[in-house]
Amino acid sequence: MVPYASAPAPLPWEAAARPPVADHDSAAADRMWRAYLTEHPDQAWDTHVVDHFGDSAPLADELLGLVLARGKRATAALLRDFASTGELPPRIGSHWVACDGSGRPRVVLRSVELRVGPADSVDDRFARDEGEGDRDRQEWLVGHGRYWMRQLALTGDVWDPATEPVVFERFAVVWPPEHAD
């Protein structure tokens, strides 16, 4: 039996009409990245990623709000998502410019810890560090299961928390100074 094979009742933010995240403001993201490197030249990497949390503007704003409130310092993504977009998975020390739902860059994040494993290998500490919902493992599994089932349903795939590789990432907020850890 595949766990989570049928989706639980949708949550409010899972309504049929999910406003998409706007295109990222690449020029503003580049300015933010250059400002960070000006102050931290020792952190220069060849590339960085410009991205957002979640799959809708409201979810991107909600999750970024948790980052800005210092309650979220971890995130998780299916390993297959990186291959499907042509992006490399994060590396320790790699950076990404996180945008809000309107596509505006808000913070620069640096990966500080990474692990790949099945979703059901998540522990209480990671669920707490991700900062969502009740911040416990069970809610993490249910919430992320809903999200990944919704995403995989678009391609006709099914999510299995026991076998699907997940990238578990802890990050630090490194820019701008008023939000940096």
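The values are calculated or read from the model by the stated rules, or taken from the named source; none is laboratory data. No experiment lies behind these values; they were computed from the predicted model shown. Note that we place each Cβ from the backbone using ideal geometry, even for glycine, and neighbour counts take in every protein chain shown. What goes into the accessible areas is simple: the full protein's heavy atoms, side chains included, and nothing from ligands, DNA or RNA. Shrake-Rupley method; radii C 1.70, N 1.55, O 1.52, S 1.80 Å.
Against the numbered list (1) open to solvent by 60 Å² or more (accessible area, probe 1.4 Å); (2) among the basic types (Lys, Arg); (3) in contact with a helix residue (DSSP H, G or I) (Cβ under 7 Å, 6 or more places away or on another chain), ARG70 comes up short only at (3).
With the structure loaded, tell me whether HIS52 is touching a residue at least 60 places away in the same chain (Cβ under 8 Å), out of contact with any Ser or Thr (no Cβ under 9 Å at 6 or more places or on another chain) and open to solvent by 20 Å² or more (accessible area, probe 1.4 Å) or whether it fails that test. The answer is no for HIS52. Return yes or no: is ASP61 surrounded by 15 or more Cβ atoms within 10 Å (Cβ to Cβ) and either of a type in the set (A, V, I, L, M, F, W, C) or within 25 Å of ASP23 (Cβ to Cβ) (or both)? It is true that ASP61 is surrounded by 15 or more Cβ atoms within 10 Å (Cβ to Cβ) and either of a type in the set (A, V, I, L, M, F, W, C) or within 25 Å of ASP23 (Cβ to Cβ) (or both).
Would you confirm, using the coordinates I've provided, whether SER84 is among the polar types (S, T, N, Q), modelled with pLDDT of 95 or more and open to solvent by 30 Å² or more (accessible area, probe 1.4 Å)?
Working: among the polar types (S, T, N, Q): yes; modelled with pLDDT of 95 or more: no; open to solvent by 30 Å² or more (accessible area, probe 1.4 Å): yes.
Answer is no for this residue.
Inside the stretch 89-98, can you point out the residues that are without any contact (Cβ under 8 Å) to a residue 60 or more places away in the chain, open to solvent by less than 50 Å² (accessible area, probe 1.4 Å) and part of a loop (DSSP other than H, G, I, E, B)? Within the stretch 89-98, GLY93, SER94 meet the criteria. Checked against the criterion of being outside any loop (DSSP other than H, G, I, E, B), hydroxyl-bearing (Ser, Thr, Tyr) and either within 21 Å of VAL50 (Cα to Cα) or without any contact (Cβ under 8 Å) to a residue 60 or more places away in the chain (or both), the candidates THR163, THR75, THR155 yield just one match: THR75.
Residue-by-condition table, conditions (1) assigned to a strand (DSSP E or B); (2) acidic (Asp, Glu):
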site: VAL50; (1), (2): yes, no
site: LEU59; (1), (2): no, no
site: GLU62; (1), (2): no, yes
site: ARG70; (1), (2): no, no
site: ASP81; (1), (2): no, yes
site: GLU87; (1), (2): no, yes
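For the stretch 118-149, which residues satisfy the criterion of being in a loop (DSSP other than H, G, I, E, B) and either open to solvent by 60 Å² or more (accessible area, probe 1.4 Å) or not hydrophobic (A, V, I, L, M, F, W, C) (or both)?
Initially, the stretch 118-149 is screened for residues in a loop (DSSP other than H, G, I, E, B), giving 122-123, 131-136.
Across the stretch 118-149, the qualifying residues are ASP123, GLY131, GLU132, GLY133, ASP134, ARG135, ASP136.
Quick check: anything in the stretch 99-117 open to solvent by less than 50 Å² (accessible area, probe 1.4 Å), without any contact (Cβ under 8 Å) to a residue 60 or more places away in the chain and more than 30 Å from VAL158 (Cα to Cα)? No.
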